[in-house]
Every structure is written in C-alpha cells, then in structure tokens.
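What follows is a short report on a single structure.
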C-alpha cells in the first residue's frame, strides 16, 4: 500500500518539529519521505531493525520502546483479536489481560542480543554481528535504521550494506558529513553537528518525530 498523502495531524507534527528545531529544517523533505515509506512497509507486514554503538545503542533501545507500545496516542487492541481471545479464554482475568495489551509496531533492537553478540563476536567477527542479524531477520518489506554519530561505524555500515542488498529501506542517523553511511542510505538524516554528544542531542528529537508521525499515520484518526 503506497502512502501518497500524510494525515493533517502528521503534517502538524512535522511543522511543529521544524518550528522547534529550525537548524534542522533542511531535513523536512527527507523526514516526509521516511515517514511515508515506513508506513507503507509496516502496513505491508514489514518490521524495523535498529542498531548503533555506545549512546546510539541506547537510542536503538529507546526507539524500539516507542514503537512496541503506546507513545503519543492510544492504540486500541484489534476487535477480532479480542473476540478470539475471549472465545478461547473466558476466565475472569481476561479483562485485565485485554486492557493491558496494546497495538504495536514491530521493531527489533539488534544491540540487545547479548548471548548472540558475545558468541558471534568471539567466534567470528564483532564488526559483522549486526550484519549477521540483518541477514537472518531482514525481509524485503523491512526497514533498517542505523545510528552512528560519525557515520563511519564499521558494524553499522556493514549491516546497512546487507540491508540494502536484501531490499530493506535503509535510514541512517549521523553527524553532518554522513560518513560512509551516506553511500548506502536510502535516506540520510545528518544532524548539523560534529561532536558526538551534540549529534546525539539532535538525534533524539529526530527519532521522536519519526516515532510520533509513524504512530499517528497507522493508529490515528484524520482530523
């Protein structure tokens, strides 16, 4: 399902971002492209694979958390699922279980597979550990998000190359030059800074915007 037009509230979210962060207004078109492509792929069964190092690995976990549960708006549980669950399990605790469940956007942080990362790094190669996961998990409708403040992190770069080869939509969040990731990205979000901590400070509002906008496109009502 191709997404041709964004919802009015999604456009308002983007406009709010541009007003709050005018130093990143040059990324507006790239952000719109990312949101449309992500929504299209997710609606077609795609998932999101995310990775980074150090502070960017924490950002990877942060982003996954925003996608898997309610972030900005309510995500009511699918009615057909509710009915099916109650048919299987009509017990008293069903109300509590169904009240706690929420709709989500499938996302996997490649940084959190501790057993695999240590085994693969020790047995094969640490700088290929993310790439191996992308090779195994990645399907054509999926999305890859790589975070690297320099744009030159070898493990993220190799993972992006595998993602590109497998037909994933490759998004990179980097510092201002884009580094090597610029070469393999479908869309680059290069923050206007070089110092690591400054780049990371810009990445937070960028990925929060993406999470909000994608959530609203999939679960929000048009206004």
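Quick note: the coordinates plus some simple rules give every number you see, no bench work behind them. Predicted model only: the values in this text are computed from it and were never measured. Note that we place each Cβ from the backbone using ideal geometry, even for glycine, and neighbour counts take in every protein chain shown.
Relative to the first principal axis of the alpha-carbon coordinates of the chain, what is the inclination of helix 79-88, with its axis defined by its Cα atoms, in degrees from 0 to 90 and to the nearest 10? In the chain, helix 79-88 runs at an angle near 60 degrees to the longest axis. Its Kirkwood hydrodynamic radius, worked out from the mean inverse distance over all distinct Cα pairs, puts segment 109-211 at 13.8 Å. Annotation for segment 47-110 versus segment 132-152: alpha-carbon center distance of 21 Å. Relative to the longest principal axis of the Cα atoms of the chain, the long axis of helix 55-68 lies at roughly 20 degrees. Listed peptides 5-16, 168-179, 81-92 appear in the order 168-179, 5-16, 81-92 once ranked by packing, highest mean of other Cβ atoms within 10 Å at the front. Between residue 28 and residue 43, the simple label model (points 7 Å from Cα in the Cβ direction) yields a spacing of 2.4 nm. Can you work out the base-10 log of I(q)/I(0) for segment 38-158 at q = 0.10 1/Å, using the Debye formula on its C-alpha atoms alone? Here log10 of I(q) over I(0) equals -0.42. Here is how the number arises for the chain: DSSP H runs of 4 or more residues each give -39500 (n - 2.57), the sum is divided by the residue count, and the result at 222 nm is -16500 deg cm²/dmol.
Calculate how steeply helix 196-219 sits against the longest principal axis of the alpha-carbon atoms of the chain, using the helix alpha-carbon long axis, and give the answer as 0 to 90 degrees to the nearest 10. Roughly 30 degrees, rounded to the nearest 10.
Pairs of C-alpha atoms in the chain farther apart than 23 Å represent 49 percent of all such pairs.
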